[in-house]
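Please treat every number below as a calculation from the coordinates, not as lab data. All values reported here derive from a predicted model rather than from experimental measurement. Every residue, glycine among them, receives a Cβ derived from its backbone with ideal geometry; neighbour counts consider all protein chains shown.
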């Protein structure tokens, strides 16, 4: 059981302009936590703090009771994996899918070592589990957004982490691929991984369940279970748009929709 | 795309053939059986060939051939490493000012009327100091971004070119100026055992370490956040690659003078043969670089009675080769 805990986190580029302040959240193995909020409220910055790439200005982050900044990158990477957003800078890599996923073994390699036969075997097995074997010799850069996202998740899994943090895992994907990724995330949670992800789609959080943290535009931050945190009222306030949360009878599931009138 | 093992086997075979040809070619053409007899004698397997042949082969050709192979390999792998590190396919090993710094060091020593061994030492020092300067400029700018380092390298190169210009202006136009110009065009004419042996350890060790580091270069292809969350000590890995590639390039350049094109073109040739995986590109580029420079240097000393400077030949052969490579890979150059 691995626990990532952030206590009273604060971050700012200029002291008078806080991106966020006094933010507390916990992620443990087997849990799912969605961070929700409009564009530009600091979701990506928060993730960078949580994975140890950006030190926060205030507060502290611990991974299994050890300060995150006192762990070596290698120790961190064995417990905590990060899946970046599918975008130009992270995807312009023309390694084959196999070689790309194999990079997940980095935390287990010495500085001057190359992956062993066992590492390669493990990589093959993982690709097979995720039905990616057919792509394994294709160039990563030439894949579609959905395939790239799955391959990035595969790379994170090869790190054998306990916790996986994903930055907007569905934002670049069409509906079919979104569902594929969501199902995979659900499966991973059931297998015992702790999952934290950001999104700006409240429906995603409603589908995934678990805990949710809602950033509001005014700098507030609220954490709680999905059912009580994602209400029409709170969402409307966060996005400054009338949003309605309702239950779809046939599906026995909650969805949210925009309740404003489009006919101007 | 063939496997690395196959590619390495065929290219090593080609290297051995080129090596034998290079030993046999030159102003005095020695028959192949003499060359083989000489190599056998080196391994204490056969009797020595004639004294003249042994002298030519051991004292003139062998150190030069070894230098050509090591320098070609060194420039090719530091080029590969820099292209991966800076995420830029158009980068060559002199990006951070090594070559210009070495040229300034050499020119300074020539002005002081130093011996060729001292010129070599000054060049080595100049190359290392220029890169150190570039790294310090980046530090002054308080950023760790790759792009600032590239900028610092351009600044340093520009400054070194100015100093070089000044030295050339001050140089005696009959004796020193041609020597400086000739040095800048690159040549292995002056390589002897005495000049080769002092830099040999640094050249081999830094090259071997960089080859051992090859798989990590793939990690460095990713962006900052990914590199660090994958458990790589980003600053350390980057500093190590820059340090090793710089030592390798400086050791090469101080022996031969500036040689263009190899560090830029050979990595692409290797990628064309084996794909983008830097762990495979690096060893293959080393062998291809060794073949390429050995071939060029053999041509340089055999084509005419005088020595043809290396950069002229690498340019004449490298330019069309590069155009062809870009044409072949046009999809991948982004």
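With the contact rule set at Cα under 8 Å and sequence spacing of 6 or more, what percent relative contact order holds for segment B:192-332? Working shown, then result.
Working: 95 pairs, mean separation 36.5, N = 141.
Answer for segment B:192-332 is 26 percent.
Over chain B, what is the mean sequence separation of C-alpha contacts under 8 Å (at least six apart), divided by residue count, expressed as relative contact order in percent? Intermediate results must be reported in sequence, preceding the final value.
Numbers: 494 pairs, mean separation 98.9, N = 334.
Once normalised by length, the contact order is 30 percent.
Can you check how the C-alpha radius of gyration of segment A:42-102 compares to 2.2 N^0.38 Å, as a plain ratio? Each step should come with its number before you reach the end.
On the way: Rg = 14.0 Å, N = 61, 2.2 N^0.38 = 10.5 Å.
With N residues counted in segment A:42-102, Rg over 2.2 N^0.38 Å equals 1.33.
With a point put 7 Å past each Cα toward its Cβ, work out how far residue B:47 is from residue A:257 in nm, to one decimal.
10.2
With just the Cα atoms defining each centre, how far is segment B:243-266 from segment B:169-230? Give it in Å.
Computed from Cα coordinates, the inter-centre distance equals 3 Å.
If you split all Cα-Cα distances of segment B:180-259 into 10 Å bins from zero, what percentages do you get per bin, shortest first?
That works out to 17, 36, 25, 16, 5, in percent per bin.
Given a Förster radius of 51 Å and the C-beta distance between residue B:115 and residue A:70 as r, what FRET efficiency does 1/(1 + (r/R0)^6) yield to the nearest 0.05?
Details: r = 54 Å, r/R0 = 1.06.
Efficiency at R0 = 51 Å is approximately 0.40.
Tell me, rounded to the nearest percent, the portion of alpha carbon pairs in segment A:1-135 spaced more than 19 Å apart. Kindly include the intermediate steps, with their values, before the conclusion.
On the way: 5580 of 9045 pairs.
Result: 62 percent of Cα pairs exceed 19 Å.
Could you work out the relative contact order of chain A, using alpha carbon pairs under 8 angstrom and six or more residues apart, expressed as a whole percent? List each step's numbers first, then the result.
Values: 479 pairs, mean separation 62.9, N = 264.
Dividing the mean separation by the residue count of chain A yields 24 percent.
From the square roots a ≥ b ≥ c of the eigenvalues of the alpha-carbon gyration tensor of chain B, which class results: rounded (a/c under 1.5), prolate (a/b over b/c), or oblate? Each step should come with its number before you reach the end.
Details: a/c = 1.89, a/b = 1.23, b/c = 1.54.
Oblate is the answer for chain B, as a/c is 1.5 or above yet b/c matches or exceeds a/b.
Divide by every residue of chain B the summed helix terms, -39500 (n - 2.57) for each DSSP H run of at least 4, and state the resulting mean residue ellipticity at 222 nm, rounded to the nearest 500 deg cm²/dmol. Provide the component values of the computation, followed by the final result.
Details: 15 runs with 248 residues, N = 334.
It lands at -25000 deg cm²/dmol.
When the helices in chain A are scored as -39500 (n - 2.57) per DSSP H run of 4 or longer and the sum is shared across all residues, what 222 nm value do you end up with, to the nearest 500 deg cm²/dmol?
Working: 10 runs with 87 residues, N = 264.
For chain A, the value works out to -9000 deg cm²/dmol.
Which three semi-axes in whole Å describe the equivalent ellipsoid of the protein assembly as shown, each the square root of 5 times a Cα gyration tensor eigenvalue, listed largest first?
Numbers: eigenvalues 650, 137, 75 Å².
The equivalent ellipsoid of the protein assembly as shown has semi-axes of 57, 26, 19 Å.
Taking just the C-alpha trace of segment A:3-258, give me its Rg and Dmax in Å.
Considering segment A:3-258 through its Cα atoms, Rg and Dmax are 18.6, 58 Å.
Among B:16, B:274, B:71, which comes first, then next, by fewest other beta-carbon atoms within 10 Å? Numbers along the way, then the final one.
On the way: B:16 11, B:274 23, B:71 31.
Lowest to highest Cβ neighbour count: B:16, B:274, B:71.
Roughly speaking, what is the centre-to-centre gap between segment A:84-132 and segment B:10-53 when only Cα atoms are used, to the nearest Å?
45
Taking R0 as 30 Å, what FRET efficiency do you get between residue B:328 and residue B:299 from their Cβ-Cβ distance, rounded to the nearest 0.05?
It comes to 0.80.
What whole number of Å gives the distance from the Cα centroid of segment A:225-247 to the Cα centroid of segment A:145-208?
23
Expressed in whole Å with the largest first, what are the equivalent ellipsoid semi-axes of segment B:236-282 derived from the C-alpha gyration tensor as the square root of 5 times each eigenvalue?
Working: eigenvalues 91, 59, 8 Å².
Equivalent-ellipsoid dimensions as semi-axes: 21, 17, 6 Å.
At residue B:132 and residue B:194, where each label point lies 7 Å from the Cα along Cα→Cβ, what is the point-to-point distance in nanometres?
Simple spin-label model gives 2.8 nm for this pair.
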